[in-house]
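Okay, so here's the structure we're looking at.
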Amino acid sequence: MYSEKVMDHFTNPRNVGEIENPSGVGTVGNAKCGDIMRIYLDIDDKGIINDCKFKTFGCGAAVATSSMATELVKGKNIEEALKVTNKAVMDALDGLPPVKVHCSLLAEEAIHAALWDYATKNNIKIEGLEKPK
Ligand code: FES
Ligand code: FES
């Protein structure tokens, strides 16, 4: 049912934890199942995401997508991080079963919420980023 990459990121998730004094933090919930994901970003003064950590209270697919999403945004600038969509994360994991697609939305939403928090704190506008719901 799950790809090898999903199983790998579920059993050995990368970047689990918190960042002290993060540049931005985003917490989102999944309306469908009630699961929660939080993403922390450390962004330097050149706008590069130096570090990214997550905490997920959710299913295996949510853990695996959080893990992969943190790997994908690390080292990227904000514009590139916005391209880390749920589809990009799913592709990087070699797909998810259809019933688990909603789980992958959490990672994209949490990254966007963390970027929104960063933009708000620094009083900047990020092109193409919408206010989280
Ligand atoms: Fe979210 Fe089962 S419904 S983990
Ligand atoms: Fe809730 Fe996967 S079942 S995030």
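Laid out as a table, the results:
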{"read-out": "Distant-in-sequence amide H partners of ASP35 (H built 1.01 Å from N, under 5 Å)", "value": "ASN30"}
{"read-out": "Gaussian network model of the chain, springs between alpha carbon atoms under 10 Å - residue of CYS52, CYS103, CYS33 with greatest fluctuation", "value": "CYS33"}
{"read-out": "For the chain, calculated [θ]222 nm from helices alone, where every DSSP H run of n ≥ 4 adds -39500 (n - 2.57)", "value": "-12500 deg cm²/dmol"}
{"read-out": "Percentage relative contact order, region 1-112, counting C-alpha pairs under 8 Å, at least six apart", "value": "31"}
{"read-out": "Debye log10 I(q)/I(0) for region 1-56, one point scatterer per Cα, at q = 0.31 Å⁻¹", "value": "-1.10"}
{"read-out": "Dipole magnitude (debye, nearest 20) for region 40-133, charges at Cβ of Lys, Arg, Asp, Glu", "value": "240"}
{"read-out": "Between helix 101-122 and the chain: long-axis angle, C-alpha atoms, 0 to 90°, nearest 10", "value": "10"}
{"read-out": "Efficiency of FRET between GLU127 and CYS33 - r from beta-carbon atoms, R0 25 angstrom, step 0.05", "value": "0.20"}
{"read-out": "Pairwise FRET efficiency - LYS83 versus THR11, Cβ, R0 = 30 Å, nearest 0.05", "value": "0.65"}
{"read-out": "Value of D in µm² per second that Stokes-Einstein yields for the chain, Kirkwood Rh from Cα pairs, at 4 °C (1.567 mPa s)", "value": "90"}
{"read-out": "Of THR65, THR27, THR120, the one that fluctuates the most in a GNM where the chain has Cα springs shorter than 10 Å", "value": "THR120"}
{"read-out": "Dipole magnitude of region 1-93, debye to nearest 20 (Cβ charges: Lys/Arg +1, Asp/Glu -1, about Cα centre)", "value": "280"}
{"read-out": "Net +/- balance of residues flanking GLU71 in space, Cβ distance below 12 Å, scoring K and R +1, D and E -1", "value": "+3"}
{"read-out": "Formal net charge of residues neighbouring ILE48 (Cβ-Cβ distance under 13 Å; K, R +1; D, E -1)", "value": "-3"}
{"read-out": "Nonlocal Lys pairs with alpha-carbon distance under 21 Å, region 4-121 (8 or more apart, or different chains)", "value": "29"}
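A short reminder: the numbers here are calculations on the coordinates, not readings from a lab. Just so it is clear, the structure is predicted and the values come from calculations on it, not from any experiment. Glycine also receives a Cβ, built like all others from the backbone with ideal geometry; neighbour counts cover every protein chain displayed.
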